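Encoded as structure tokens, the structure appears first; notes follow it.
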Amino acid sequence: MQQSNIAILGFGLSGSTFHAPLINSIPGLKITHILSSQVAKINQLYPMVKVVSELDEILSNSTIDLVVNTLPNLEHYSVTKKCLQAGKHVVVEKPFVIDSVDGEDLIALAKERGLLLSVYHNRRWDNGFLTLKHILPQLGDIYLYQAYFDRFRPTANLTKWREQDIKGSGLLYDLGSHLIDQALDLFGLPESIYADLAIQRPSAKSIDYFQIELYYPSLRVIIGSSSVMANSRPVVSLYGTNGSYVKHGLDPQEASLRAGLTPLDSDYALEDLSMAGVLNEMVGDSLQNNTIVSLNGAYLEYYQLIYNSLLSGVVAPVSAESALWVIKIIEKAILSASLGQRVNLAS
């Protein structure tokens, strides 16, 4: 089996939890270098990996095929550009970039160099989202889709850069990126957008609440997130002329990964049946109510497809172009909130 060597930039929550265990589970992908100061932790988990302190040690190493950029949002553009200029394929943690003009620059550079450039929108492989996509054709013409990614964190943790008052921080770029990407994956680009953005908690410095409405000719998409939601709203719900599907509870893959499990473990990402979705569907002249056990979540699929892309040049699992539209929607949401009105995507 042909091997592709991987370097991970950063070993915080993203690098250590959402990337390294998945990469390490794919035959043919090998983590050879990690850029981090957490030498002891990495040596314990991945003793064969070389820990480096300077980016140049990775960029100058001709044996490294792919770089995974999990550094803070402000470094997504600048560091990814350096990696592409060094001839490396790149996976960027979401959000792709902070400013869409920077994303356009990276896309052009990757095309010019013939390099893979993909963004880690792993929530396309959430169990509820996969189940919803499977059920969608049964529900007829869809008129309303709602998705929420709620948390109960009534006090802001200002030691985390995501909650500080810096560009690209806050829930809109963090969880909003996931929700927007899922909506665009399902329905394509909307015609217009309305957004309500807020800093609600007294201790907060960045956006900790948002609700965005995406307008299509007849469909309405409502997505949102709150930091003060002890009883979370449905993670996904879909309403059509032939019925509805509603699911509570986040995909258990994150909890499993945080607990040190990998997709190779038999008890990885097992969902309690109480979190199964409910399908109300017209059968004949009656509306029937059924519990739908979720399809298995599949974050591992992303890196399997990345390996396939490196091996044969097939299209990346999440294109940089699709991830760029997420950033453009975020920019329109910020504009809408500042104006207090609905704005057209094309304007």
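The values are calculated or read from the model by the stated rules, or taken from the named source; none is laboratory data. Please read these numbers as outputs of a predicted model, since none were measured by experiment. All Cβ positions, glycine included, derive from the backbone under ideal geometry; neighbour counts span all protein chains shown. Each accessible area value is taken on the protein alone, full model and side chains, heavy atoms only, with ligands, DNA and RNA left out. Shrake-Rupley method; radii C 1.70, N 1.55, O 1.52, S 1.80 Å.
Values computed for the structure shown
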item	result
At R0 = 41 Å, FRET efficiency that the Cβ-Cβ distance of L273 and K111 yields, to 0.05	0.30
Cross-link pairs beyond the 25 Å C-alpha cut-off, checked among K205/K328; K133/K167; K41/K82; K41/K111; K82/K205	K133/K167; K41/K82; K41/K111; K82/K205
Rh by Kirkwood over Cα pairs, then Stokes-Einstein D for the range 237-347 at 0.890 mPa s and 25 °C, µm²/s	135
Heavy atoms of D185: accessible area, 1.4 Å probe, square angstrom to 10	60
Extent along principal axes [Cα atoms of the range 238-294; Å; largest to smallest]	48, 17, 16
In Hz, Karplus ³J(HN,Hα) per residue of the range 234-247 (6.51, -1.76, 1.60; θ = phi - 60°; x = Gly, Pro)	x, 6, 9, 8, 9, 10, x, 6, 10, x, 8, 9, 9, 9
Summed side-chain charge close to L219 - residues other than L219 whose Cβ falls under 13 Å, Lys, Arg +1, Asp, Glu -1	-2
The chain - accessible surface per residue (Å², probe 1.4 Å)	44
Relative contact order (%) - the range 89-230, alpha-carbon pairs under 8 angstrom, separation at least six	27
Residue (of F129, Y215, A333) at the positive-pole extreme of the chain, dipole from beta-carbon charges	A333
10 Å-binned pair-distance histogram of the range 47-117 (Cα, whole percent)	20, 55, 21, 3
The range 1-73: relative contact order as a whole-number percent, Cα under 8 Å and 6+ apart	43
Relative contact order computed over the chain (Cα-Cα under 8 Å; 6+ residues apart), in percent	20
Fraction of beta bridges assigned by DSSP in the chain that are antiparallel (%, nearest 5)	60
Per principal axis, descending, Cα span of the chain in whole Å	64, 48, 41
Fraction of accessible area attributable to carbon and sulfur, the chain (%, probe 1.4 Å)	52
Area accessible to solvent at L264, 1.4 Å probe radius, in Å²	120
5 Å binning of all Cα-Cα separations within the range 1-135, expressed as whole percents from 0 upward	2, 10, 20, 22, 19, 14, 8, 4, 1, 0
Whole-Hz couplings from phi, Karplus 6.51/-1.76/1.60, listed for the range 196-206; x for Gly and Pro	10, 10, 8, 10, 9, 6, x, 8, 6, 10, 9
